[in-house]
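Only one structure is covered here, and it is reproduced in the block below.
The values are calculated or read from the model by the stated rules, or taken from the named source; none is laboratory data. These figures come from a predicted structure and were not determined experimentally. Methodologically, a virtual Cβ is constructed for each residue, glycine included, from the backbone with ideal geometry; neighbour enumeration extends over all protein chains shown.
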Amino acid sequence: MISRIWRPIKEGFLGVFRHGGMSFSSASAVTIALIIVSLFSIVTINMQRFTQGLEQSVQIAVLVDYDHESAEEEDRIALAIQNIPGVAKVTFSDKEDEFQYYMDSFDDEKTKEAFEPFRSKNPMHDAFYVEVTDGTELEGIAQQIEQIEGVSSVNFGGTSATRLISALGTARFIGAFIAIALSLLAVLLIYNTIKLTIQARADEIQIMRNVGARNGFIRSPFVVEGIIIGALGSIIPILLTYFGYRYIYNSSGGYLVSNMFSLYPPVPFIVYICLGLLAVGILVGLLGSFFSVTRYLRWKR
């Protein structure tokens, strides 16, 4: 049993060293592919975090008409808003709070004093602030709220907010697509490398088949060789990803542009990314070598 396990491992390592040039070229291709995969993975996942932060920060401001500011009417309006699909939370703010918020927006004390006389005849509206579960539904939900009786006006930042959220979603999709495409490219590169290795050992493989060796016995060393190549190709991307992300995070304080665009803390986020890179490298090597040797053995039947 031990010999069955040890033989493909030993021959796989020997195959990597025996065909050092081809193995190095394949590992280098995997390295380049995984570096780009790592970059797009980090950007895509953090962009998802950015989008969530943006969606949480963008609220729909609903102003209540002066003629509907009784407790009964506002309860009815709040219930109608809460019943709209996609609404996550509804927060009430009375006109006194709205006026104070407006006053706090001024840094100049003289300006505050100029507006203070308006407090007694408060011109502000009672308001509701609505949070949604999906930022792409902002405009649709705002349009439904506008139809509720007693709503004076609705503001959610206009189409610029929805366009930004949509653009971030598109960027995430493109990043994921590129990462998958590069992984498939790495599979193809290892496939071709193992194919060349098999062709170089065609006589040896034929001898094994002549003495009755099964396909699994012949295939296993090549699969191990592909796994090793994939694992070796993931070493540099893992090191660059781990130390590079920690450096960027510490240098930026964990934020890009503003607190809304916060990065994932390095631990455990970057550890998972590195483990993912190792897994992808091994899987790429396994698939590339498995398909290559399987196709050869079928062709040589």
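Going through Lys112, Lys121 one at a time, which residue ends up being closer than 30 Å to Glu73 by Cβ and at pLDDT 75 or above?
Just one listed residue meets the conditions, Lys121.
From the list Ile207, Ile248, Ile270, Ile238, exactly one residue is at pLDDT 70 or above, exposed (fewer than 15 other Cβ atoms within 10 Å of the Cβ) and closer than 30 Å to Phe50 by Cβ. Which is it?
Only one candidate qualifies: Ile248.
Which residue pairs have Cβ atoms under 7 Å apart, sit 6 or more places apart or on different chains, and have a first residue in region 281-301 that is in a helix (DSSP H, G or I) and a second that is at pLDDT 80 or above and among the hydroxyl-bearing types (Ser, Thr, Tyr)?
That search, which allows pairs on different chains as well, returns Gly281/Ser234.
Which of the residues spanning region 250-276 are of a type outside the set (A, V, I, L, M, F, W, C) and either in a loop (DSSP other than H, G, I, E, B) or over 12 Å from Asn46 (Cα atoms) (or both)?
Within region 250-276, Asn250, Ser251, Ser252, Gly253, Gly254, Ser258, Asn259, Tyr264, Pro265, Pro268, Tyr272, Gly276 qualify.
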